Amino acid sequence: MSKQKRFILPESEIPTQWYNIQADMVNKPLPPLNPSTKEPLKAEDLAHIFNLECSKQELDQENRWIDIPEEVLDQYKYYRSTPLVRAYSLEKALDTPAHIYFKNESVNPLGSHKLNSAIAQCYYCKQEGTTNVTTETGAGQWGAALSYAAKVFGLEAAVYQVKISLQQKPYRASIMRTFGATVEGSPSMSTRAGKDIITRDPNHQGSLGTAISEAIELAMNTPNCKYTLGSVLNHVGLHQTIIGLEAEKQMEMAGEFPDQVIGCFGGGSNFSGIAFPFMRHKIIDGKNIDFIAAEPSSCPKLTRGKFEYDYGDEAGYTPLLPMYTLGHGFKPANIHAGGLRYHGAGTIISQLLKDNLMRAVDIPQLESFDAGLLFARTEGIVPAPESCHAIASTIREAKKCKETGEKKVILFNLSGHGLLDMTAYESYLNGDLRNYTVSDEDIASSLKDVPTV
Ligand SMILES: *Cc1c(COP(=O)(O)O)cnc(C)c1O
């Protein structure tokens with residue numbers, strides 16, 4: 001019998017609820033705090049910036065399953081389910097006894113997992129009478145997804161894109177504008193936060209932290225406008241669990257269950273999406289599953305950051321969030337994995353890491369592209385530079401299996417394709433890319449600005 005390569009769910013089998021891991025966590029995530037009073041925030045407080053439904057989801061520690069609204073499901077059906085794929089050629093190239101599977105979130109027209117939450121957030125904004133949405137974007141994947149989702153629900157979108165990414169990947173901004181959004185490089189002169197940052201550092205290349213500050217400021221100064229975030233927050237991870245819930249059914253079709261679940265890590269949304277539905281079997285049934293978040297060595301919040309209350313953005317506009325952080329002023333090197341250049345980790349992930357329910361590894365830039373190239377040449381998909389980190393971690397584990405002879409089942413999330421990141425591949429192929437290291441002194445110095453709680 002020929003071997004099955006791809007496992008695809010029929011539309012009728014697409015999950016109709018998201019999984020809220022907060023309900024099952026033994027140690028619940030600590031609450032976000034009001035920066036001036038240091039009091040825990042309620043959903044109503046968050047709703048000054050975010051839509052109310054997402055603000056409630058953010059703090060919901062009771063409801064394990066949350067219904068996906070029908071209009072959102074209808075939009076999911078434009079591209080879901082996404083395939084679960086057995087990476088036979090990669091296994092062969094590595095000569096590993098491990099079984100490697102990947103969940104292919106790159107197949108939707110926007111090219112990454114980000115659409116799963118963009119659709120949900122724009123739907124809730126529309127329901128609550130919002131007319132405008134604003135956001136930040138790094139590599140442009142979130143901005144592109146949000147611009148499309150805003151158009152679907154008839155909202156105006158304004159996007160701040162990290163300046164260096166806008167230069168490296170101009171076509172993502174073209175996609176955003178194709179869907180009708182306005183795009184501005186961050187830091188910009190159009191907000192007070194942007195002006196302050198440029199005054200302090202005229203050559204600032206921008207970071208997710210600067211772009212978030214600008215988008216929040218715009219949301220606060222524009223009537224009927226809400227801010228949306230593409231990662232980090234609990235409700236974003238919640239929407240992304242559609243990935244792991246589908247994968248759970250698909251692994252069952254393949255007759256296997258993962259020993260290891262791997263995702264790349266920026267703020268945590270795609271990792272949460274693939275990992276949380278499987279983690280419930282670790283929390284509830286004590287199943288032995290190894291969860292690995294793969295971050296870049298140049299932005300190592302999980303492996304070298306500190307667990308502290310910190311701001312989610314550079315200017316300090318967000319609530320204080322309990323997170324593994326490098327300090328909100330940390331300036332990551334200009335690596336090509338723009339979506340991973342963020343100083344902190346989401347609060348759920350931070351708690352899970354603290355409780356040893358998962359672990360993290362850091363990947364140097366060159367190793368990430370080595371892995372991406374091998375994947376492209378074996379499986380025929382050019383992966384996003386972000387996703388390359390998950391592939392590199394998978395390859396490390398598959399090589400260990402070769403040494404020990406173990407037939408581990410490894411599942412990783414292919415969070416996006418890299419077809420608009422070809423300048424990065426071009427630099428890599430020309431030998432122009434290098435690794436970046438972060439000194440302990442750099443980390444200690446940016447951690448100095450973390451507020452005391
Ligand atoms: C944004 C992005 C990431 C990183 O963000 P997370 O919230 O950590 O998932 C990873 N991969 C791709 C393709 C992205 O667009």
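Coordinate-derived values only; no laboratory data. What you see is a predicted model; the values in this text were computed from it and never measured. Ideal geometry is used to build each Cβ from the backbone, glycine not excepted, and the neighbour counts take in all protein chains shown.
What is the spin-label model distance, in nm, from Gln127 to Asp74 if the labels are put 7 Å beyond Cα along the C-beta direction?
According to this spin-label approximation, the distance is 1.4 nm.
Measuring from the lowest to the highest alpha carbon on each principal axis, how far does the stretch 1-137 reach, largest first, in angstroms?
63, 35, 29
Give, in nm to one decimal, the length gained when the segment between Ser427 and Phe307 is fully stretched (0.36 nm per residue of separation minus the Cα-Cα distance).
Numbers: separation 120, 0.36 × 120 = 43.20 nm, distance 3.51 nm.
Going from the current span to full extension adds 39.7 nm.
Once label points are set 7 Å from the Cα along Cα→Cβ at both Lys399 and Glu44, what is their separation, rounded to one decimal in nm?
Modelled inter-label distance: 5.6 nm.
So if we plug the beta-carbon distance of Ile198 and Val107 into 1/(1 + (r/R0)^6) with R0 = 51 Å, what FRET efficiency do we get, rounded to 0.05? If you can, show how the numbers build up before the last one.
Numbers: r = 39 Å, r/R0 = 0.76.
Here the calculated transfer efficiency is 0.85.
Can you find, among Ala87, Leu30, Tyr309, the residue sitting farthest towards the positive end of the charge dipole of the chain, where Lys and Arg contribute +1 and Asp and Glu -1 at Cβ?
In the chain, that residue is Ala87.
Provide the percentage of antiparallel DSSP beta bridges, counting only those with both residues in the chain; round to the nearest 5. Walk me through the intermediate numbers first.
Numbers: 19 of 52 bridges.
Around 35 percent antiparallel, to the nearest 5.
Say each of Asn34 and Thr222 gets a label point 7 Å from the Cα, pointing the same way as Cα to Cβ; how far apart are those two points in nm?
Once both label points are built, they end up 2.7 nm from each other.
Given a cut-off of 28 Å, name the pairs among Lys331/Lys408; Lys38/Lys151; Lys163/Lys226; Lys5/Lys354 whose C-alpha atoms lie farther apart than that in the structure shown. Show your work: numbers first, answer last.
Numbers: Lys331/Lys408 37 Å; Lys38/Lys151 38 Å; Lys163/Lys226 22 Å; Lys5/Lys354 37 Å.
As for pairs spanning more than 28 Å Cα to Cα, those are Lys331/Lys408; Lys38/Lys151; Lys5/Lys354.
Once every DSSP H run of n ≥ 4 in the chain is given -39500 (n - 2.57) and the sum is divided by its residues, what mean residue ellipticity at 222 nm do you get, rounded to the nearest 500 deg cm²/dmol?
Numbers: 18 runs with 188 residues, N = 453.
My calculation for the chain gives -12500 deg cm²/dmol from helical runs alone.
Report the per residue volume, in Å³, of the convex hull enclosing the C-alpha atoms of the stretch 190-245.
On the way: hull volume 5.3 nm³, N = 56.
Per residue, the Cα convex hull of the stretch 190-245 comes to 94 Å³.
How do the peptides 411-423, 245-257 rank, highest first, by the average count of neighbouring beta carbon atoms within 10 Å per residue? Spell out each step's value before the answer.
Details: 411-423: 24.4, 245-257: 18.1.
Highest to lowest by the protection proxy: 411-423, 245-257.
Using the Cα atoms of the stretch 377-453 to build a convex hull, what is its mean projected area in square nanometres? Intermediate results must be reported in sequence, preceding the final value.
Values: hull surface 37.0 nm².
Convex hull of Cα atoms, orientation-averaged projection: 9.2 nm².
Name the long-range amide H neighbours of Ile100: under 5 Å, sequence gap of 5 or more, or other chain; modelled H, no Pro or chain starts.
Under 5 Å from the amide H of Ile100: Ala87, Ile410.
About the Cα centre of the chain, how large is the charge dipole given +1 on each Lys and Arg Cβ and -1 on each Asp and Glu Cβ? Please answer in debye to the nearest 20.
Details: 44 positive and 53 negative charges, 147 e Å.
Here the chain has a charge dipole of around 700 debye.
Gain in length, Thr437 to Lys92, computed as 0.36 nm per residue apart minus the alpha-carbon separation, to one decimal in nm? The partial results should precede the final answer.
Details: separation 345, 0.36 × 345 = 124.20 nm, distance 3.25 nm.
Working it through step by step, the gained length comes to 121.0 nm.
Among 115-126, 309-320, 351-362, 381-392, how do they line up by average Cβ neighbours within 10 Å per residue, starting with the highest?
Details: 115-126: 27.0, 309-320: 23.5, 351-362: 18.4, 381-392: 29.3.
Going from most to least packed, we get 381-392, 115-126, 309-320, 351-362.
Considering every pair of different Cα atoms, what Kirkwood radius, in Å, is found for the stretch 204-301?
Details: mean 1/r = 0.0643 Å⁻¹.
Averaging 1/r across every pair of different Cα atoms and inverting gives 15.6 Å.
Obtain the radius of gyration and the Kirkwood radius of the stretch 350-401 from its C-alpha atoms and give Rg over Rh. The partial results should precede the final answer.
Working: Rg = 12.7 Å, Rh = 11.9 Å.
Value, to two decimals: 1.07.
Residue farthest toward the positive end of the dipole of the stretch 1-69, with Cβ of Lys/Arg at +1 and Asp/Glu at -1: which of Thr16, Pro69, Asn51?
Farthest towards the positive pole: Thr16.
What is the distance in Å between the Cα centres of the stretch 311-368 and the stretch 248-293?
The distance from the Cα centre of the stretch 311-368 to that of the stretch 248-293 comes to 20 Å.
Among bridges DSSP assigns within the stretch 245-399, what percent are antiparallel (round to 5)?
Antiparallel: roughly 40 percent of the beta bridges in the stretch 245-399.
Can you pull a Stokes-Einstein diffusion coefficient for the stretch 305-406 at 25 °C (0.890 mPa s), Rh from Kirkwood over Cα pairs, as a whole number of µm²/s?
Details: Rh = 15.5 Å.
The diffusion coefficient I find is 159 µm²/s.
Report the percentage of all Cα-Cα pairs in the chain whose separation exceeds 34 Å, rounded to a whole percent. If you can, show how the numbers build up before the last one.
Numbers: 25316 of 102378 pairs.
So the portion of pairs separated by more than 34 Å is 25 percent.
Cβ neighbours within 10 Å, averaged per peptide: list 33-39, 343-349 in order, most packed at the top.
On the way: 33-39: 12.1, 343-349: 28.0.
So the order, starting with the most tightly packed, is 343-349, 33-39.
Rounded to the nearest 0.05, what FRET efficiency do Asp449 and Arg377 have when you use their Cβ-Cβ distance and R0 = 51 Å? Display every interim value, and only then the final one.
Numbers: r = 44 Å, r/R0 = 0.86.
The pair Asp449/Arg377 has a calculated efficiency of 0.70.
Quote to one decimal, in nm, the extra length available between Ile284 and Glu256 on full extension: 0.36 nm per residue of separation minus the C-alpha distance between them. Kindly include the intermediate steps, with their values, before the conclusion.
Values: separation 28, 0.36 × 28 = 10.08 nm, distance 1.94 nm.
This chain segment gains 8.1 nm when fully extended.
List the relative contact order of the stretch 129-228 as a percent without decimals, with contacts defined as Cα pairs under 8 Å and 6+ residues apart.
Numbers: 200 pairs, mean separation 35.1, N = 100.
Relative contact order, the stretch 129-228: 35 percent.
How many angstrom lie between the Cα centre of the stretch 47-124 and the Cα centre of the stretch 172-245?
The distance from the Cα centre of the stretch 47-124 to that of the stretch 172-245 comes to 21 Å.
Taking only C-alpha pairs under 8 Å that are 6+ residues apart, what is the relative contact order of the chain in percent? Intermediate results must be reported in sequence, preceding the final value.
Details: 1014 pairs, mean separation 86.5, N = 453.
Taking the mean separation of contacting Cα pairs over the length of the chain, I get 19 percent.
When only Cα pairs under 8 Å and 6 or more residues apart are kept, what is the percent relative contact order across the stretch 61-158? List each step's numbers first, then the result.
Details: 100 pairs, mean separation 22.0, N = 98.
Worked out over the stretch 61-158, it gives 22 percent.
Which order do Tyr428, Tyr79, Tyr148 fall in if you start with the one that has the fewest other Cβ atoms within 10 Å?
On the way: Tyr428 20, Tyr79 15, Tyr148 25.
Final ranking by Cβ density, sparse to dense: Tyr79, Tyr428, Tyr148.
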